[in-house]
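For reference, the structure is listed below as structure tokens.
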Amino acid sequence: MRYYPIFVNLENKGCLVVGAGEVGKRKIQSLVDSGAGSVTIIDTRGADPEMTPILALPNVDFHCREFVDDDLDGKFLVIACTSSEEVNWRISNLCRDRGILCNIVDQPEKCSFIVPATVKRGDLTVAISTAGRSPAMAKRIRKELQENFGDEYANLLTAMGRIRPLMLGLGLTTADNTAVFRSLVNSALLDAMKNRDLDAAAQILKESLPDPLHDNIPELLDGLV
């Protein structure tokens with residue numbers, strides 16, 4: 001199986017998680033963190049007290065009962081992590097028939113999508129997939145990436161996010177904007193942030209940005225170095 005890599009916008013989308021054990025709780029948290037419009041949870045065992053903060057959210061709904069077919073109504077994405085092969089296959093088949101994105105945890109043959117291992121640093125997300133062949137290998141690679149991608153990457157992305165609208169507001173050509181953005185990401189700004197060297201970071205921005213933005217440099221670096 002060859003998978004098409006994609007990042008999905010879950011804003012205003014209905015999501016369903018069937019099974020709220022340890023794995024299910026992680027999946028629920030990831031959906032909430034990703035800004036899912038709504039997250040419906042179904043588990044026959046009741047809610048774990050650890051889930052209280054999540055269950056208090058207005059877009060999270062918990063049901064202590066068995067899964068029923070109507071639970072799929074209006075759902076965009078479904079994740080099932082039950083111990084029942086019968087329930088898992090039933091959910092998988094129903095989602096396939098309805099064209100709903102479906103993931104059955106650790107059972108790629110029942111899935112229309114798989115969830116990659118990820119490394120997150122602020123707005124940076126690096127996803128690793130082995131096409132379901134070796135989750136252990138994906139976790140090993142994730143660990144290696146975690147050691148090589150520090151918080152400075154998140155800070156650099158935050159700075160770039162602050163710089164971009166200011167650059168676009170100058171009305172320069174696309175080529176000019178592209179040249180500045182590339183200059184910044186290929187400069188020593190990342191190292192300056194890693195070393196918490198404010199003077200070096202400010203000097204790099206002064207050398208890279210157009211003159212009208214030089215007065216903005218302190219606010220561009222505020223809290224990042």
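The values are calculated or read from the model by the stated rules, or taken from the named source; none is laboratory data. Being a predicted model, the structure only gives us computed values, none of them experimental. Heads up, the Cβs are rebuilt from the backbone with ideal geometry, glycines too, and the neighbour counts pull from every protein chain shown. For accessibility, only protein heavy atoms count, side chains too; no ligands or nucleic acids. Shrake-Rupley method; radii C 1.70, N 1.55, O 1.52, S 1.80 Å.
Among the trypsin sites (Lys or Arg not before Pro) within segment 2-42, which fall in a DSSP loop and have no more than 16 other Cβ atoms within 10 Å of their own Cβ?
ARG2
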Applying the Karplus parametrisation 6.51 cos²θ - 1.76 cosθ + 1.60 with θ = phi - 60° to the phi angles of segment 103-118, what ³J(HN,Hα) value in whole Hz is obtained for each residue in order, glycine and proline being reported as x? 10, 9, 4, 6, 9, x, 5, 9, 9, 9, 8, 10, 9, x, 5, 10
In Å, descending, principal axis extents of the Cα set of segment 32-118: 33, 29, 24
Give me the log10 of I(q) over I(0) for the chain at q = 0.11 Å⁻¹, as the Debye formula computes it from C-alpha points; what are the numbers? -0.72
Relative intensity, log₁₀ I(q)/I(0), of segment 58-171 from a Debye sum that treats every alpha carbon as a point, q = 0.12, 0.14, 0.15, 0.22 Å⁻¹: -0.66, -0.80, -0.85, -1.12
Can you pull a Stokes-Einstein diffusion coefficient for segment 1-50 at 10 °C (1.306 mPa s), Rh from Kirkwood over Cα pairs, as a whole number of µm²/s? 132
Note to self: C-alpha centroids of segment 81-113 and segment 1-32 sit apart, in Å, by 13
Stokes-Einstein D in µm²/s, Kirkwood radius over Cα pairs - segment 109-158 at 10 °C with 1.306 mPa s viscosity: 135
Over segment 93-225: Kirkwood hydrodynamic radius from C-alpha pairwise inverse distances, Å: 17.6
Can you pick out the pairs among LYS120/LYS143; LYS13/LYS110; LYS75/LYS139; LYS25/LYS143 whose Cα atoms lie more than 19 Å from each other? LYS13/LYS110; LYS75/LYS139; LYS25/LYS143
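What percent antiparallel are the DSSP beta bridges of the chain, to the nearest 5?
So the antiparallel bridges in the chain amount to around 25 percent.
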Under 5 Å between amide H atoms, partner at least 5 residues away or on a different chain: which partners does VAL39 have, H built in plane at 1.01 Å? CYS15, VAL60, ASP61
Positive-end residue, the chain charge dipole about Cα centroid, Cβ charges, pick of VAL32, TYR153, SER83: SER83
Give me the accessible area per residue for the chain, probe 1.4 Å, as a whole number in Å². 59
Tell me what the chain gives for mean residue ellipticity at 222 nm when only DSSP H runs of n ≥ 4 count, each as -39,500 (n - 2.57), the sum divided by the residue total, rounded to 500 deg cm²/dmol. -13000 deg cm²/dmol
Of all accessible heavy-atom area on the chain, the percent that carbon and sulfur account for (1.4 Å): 50
So if I place +1 on the C-beta of Lys and Arg and -1 on the C-beta of Asp and Glu, and nothing else carries charge, what would the dipole magnitude of the chain be about its Cα centre? I want it in debye, nearest 20. 640
The chain, relative contact order [Cα under 8 Å, separation at least 6], %: 12
